[in-house]
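What follows is a single structure, written as structure tokens, with notes after it.
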Amino acid sequence: MRRAVAIVIAFTLLAAPAAAASCPRTTLGDIEDEVMCLECGVPLDVATDSLQARQERAFITQQIAACRTKDQIKAALAAQYGDRVLATPKAKGIGLAAYLVPAAALVLGVTIIALAALRWRGRRARTAPPTPTPGDPLESARLEADLGRYDV
């Protein structure tokens, strides 16, 4: 009988970590910064203690207790409260503009700076004094006069 109890206890101790490992580890704090309080208009982690914020936190806590993953909880929040509850827009439809407009602005800014630099550099090259040609008699005379002043 003791042997049977020992086997059951050993099996329970070995099975407990496996059961705990199968439940995804998600915390309220991990999700709060990625969802919005619909009443306050700020991320849930900085939201005041409004009724809406408390309801959303309770919903997330229930989902965590049901061993849902972070993505599953966010999908359930969007189904319960609408897409406005997500802090980042989905990358489709009008939400795609939230990702494309900053990227396009960055490319446009870099292009404008590059073109301005090339234009500025080209303007400096055009206003540079003309370089003397080899064999120019005036330049040769000036060079001989300069060299004559030194003991070389």
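The values are calculated or read from the model by the stated rules, or taken from the named source; none is laboratory data. Owing to the predicted nature of the structure, the values given are computational and were not obtained by experimental measurement. No Cβ is skipped: glycine too gets one built from the backbone with ideal geometry, and neighbour counts run over all protein chains shown. In case anyone asks, the SASA skips ligands and DNA or RNA and just uses the protein heavy atoms, side chains included. Shrake-Rupley method; radii C 1.70, N 1.55, O 1.52, S 1.80 Å.
Before moving on, here are some points about what is shown:
- Residue in segment 80-94 that is modelled with pLDDT of 80 or more, on the phi > 0 side of the Ramachandran plot and not β-branched (Val, Ile, Thr) present: yes
- Every residue from segment 58-77 that is surrounded by 12 or more Cβ atoms within 10 Å (Cβ to Cβ) and without any contact (Cβ under 8 Å) to a residue 12 or more places away in the chain: Gln62, Gln72, Ala75
- Against the criterion of being part of a helix (DSSP H, G or I), open to solvent by 90 Å² or more (accessible area, probe 1.4 Å) and farther than 16 Å from Glu39 by Cβ, Gln80 does not qualify.
- Checking the stated criteria, Ala116 turns out not to satisfy the condition of being under 30 Å from Arg84 (Cα atoms), open to solvent by less than 80 Å² (accessible area, probe 1.4 Å) and at pLDDT 80 or above.
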